[in-house]
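Heads up, the thing below is written out as structure tokens.
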Amino acid sequence: MAGRPSPQSPPDAASRALAWEGCLNVRDLGGHPTEDGGTTAYGAVVRADSVRRLSAAGWEALVSYGVERIVDLRFRDELEADPPAEVPVEVVHVPVLPDPVSPDWPEISRLADAAPDEASATATVYLEFLRRYRAGFGAAVSAVATAPPRAVVVHCMVGKDRTGLVAALLLRLAGVPVEHVAADYALSAANLAAISEPWVEEAQDEAERRRRRRMIATPERAMVTVLEELGRAGGEEEYLRGAGVPAAHLAAVRARLRA
């Protein structure tokens, strides 16, 4: 299919990056090695920043890539601020996290602020997300599992945190080693630098700049910590079963990514 790398493409970041005009952080989850000697399939799942930013050419590239479902992880209020428009692909809205008015957010922020470094803070926040909002992450994985047979796009606003966690769960279900999942996660910082670095510099003082630097960071060690913690608790499959994901959906994700 036009724009899709061949299944023989090397498993590096360059082969997985997708240039969809209007977005900065788009890549295929294909080309990753698996623990049993296989490789994840190209054209099955794509992670992205908000596809609502795509230009007409960007939408054309998305459709040409074979995308049949978009799983939108954004907050409800993000969606309300950006009302749905006519798009040529099915969109399923799965807000994995509560809206910013939730009383949970100040507590999560305090936990992050108490962490000794960026990686620890990020891991702390992500583990809180997974613990508190398990059903939402399960619903996102099920939305991928039940999609039509061609490509699925998973996105939030910048494609880093919510999308990063969902992508990590999907890749681990497919058997991708933790270090490869973490390396894929870490790519987002460089991809988003054009918008994140000016945002940091706009902060009113150094304390706020430090906070923003922590928020834009994607340290590999943070994702390794999260996945190792999930492993100690029974693994991603056990986590998702507890989130209400049926065994058939778990199998469907594996089949999609390993086809």
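Quick notes on this structure:
- Projecting the Cα positions of 198, 168, 30 onto the charge dipole of the chain (unit charges on Cβ atoms of Lys, Arg, Asp and Glu, taken about the Cα centre) puts 30 furthest along the positive direction.
- Between residue 228 and residue 53, the modelled label-to-label distance comes to 3.2 nm, taking each label 7 Å out from Cα in the direction of the beta carbon.
- Efficiency of FRET from Cβ geometry, residue 205 and residue 146, R₀ 41 Å, rounded to 0.05: 0.30
- Residue with peak Gaussian network fluctuation, the chain [Cα springs, cutoff 10 Å], from 14, 243, 182: 14
- Length-normalised contact order of the stretch 62-197 in % [C-alpha pairs under 8 Å, at least 6 apart]: 30 percent
- The stretch 33-73: GluC sites (Glu not before Pro) in DSSP coil with no more than 15 other Cβ atoms inside 10 Å: 35
- Nearest-0.05 FRET efficiency for residue 258 and residue 15, computed from C-beta distance (R0 22 Å): 0.80
- Distant alpha-carbon pairs in the chain (separation over 34 angstrom), percent: 12 percent
- Size of electric dipole in the stretch 161-236: Cβ of Lys, Arg +1 and of Asp, Glu -1, about Cα centre, debye, nearest 20: 140 debye
- For the stretch 81-156, the spread of Cα positions along each principal axis, largest first, Å: 45, 27, 21
- The helix-based estimate of mean residue ellipticity at 222 nm for the chain, built from -39,500 (n - 2.57) per DSSP H run of four or more residues and divided by its residue count, is -15500 deg cm²/dmol to the nearest 500.
- Here the label points at residue 89 and residue 60, each 7 Å from Cα along the C-beta direction, are separated by 1.6 nm in the simple model.
- Farthest towards the positive end of the charge dipole of the chain, among the residues 217, 252, 93, is the Cα of 252, using unit charges on the Cβ of Lys, Arg, Asp and Glu.
- Sites matching GluC sites (Glu not before Pro) across the stretch 187-259 that sit in DSSP coil, with at most 12 neighbouring C-beta atoms within 10 Å: 202
- Here the stretch 25-258 is treated with +1 on each Lys and Arg Cβ and -1 on each Asp and Glu Cβ, and its dipole about the Cα centre works out to around 500 debye.
- Near residue 69, the amide H atoms lying under 5 Å from its own belong to 153; only residues 5 or more places off or on other chains count, and H is placed 1.01 Å from N.
- Dividing the mean sequence gap of close Cα pairs (under 8 Å, 6+ apart) by how many residues the chain holds gives a relative contact order of 24 percent.
- Other residues within the sphere of radius under 14 Å centred on the Cβ of residue 117, judged by their own Cβ, net out at +2 (K and R +1, D and E -1).
Where a number appears in this text, it was derived from the coordinates with a stated rule and is not lab data. Keep in mind the model is a prediction, meaning the values are calculated, not measured. Counting neighbours? That spans all protein chains shown, and the Cβs are built from the backbone with ideal geometry, glycine included.
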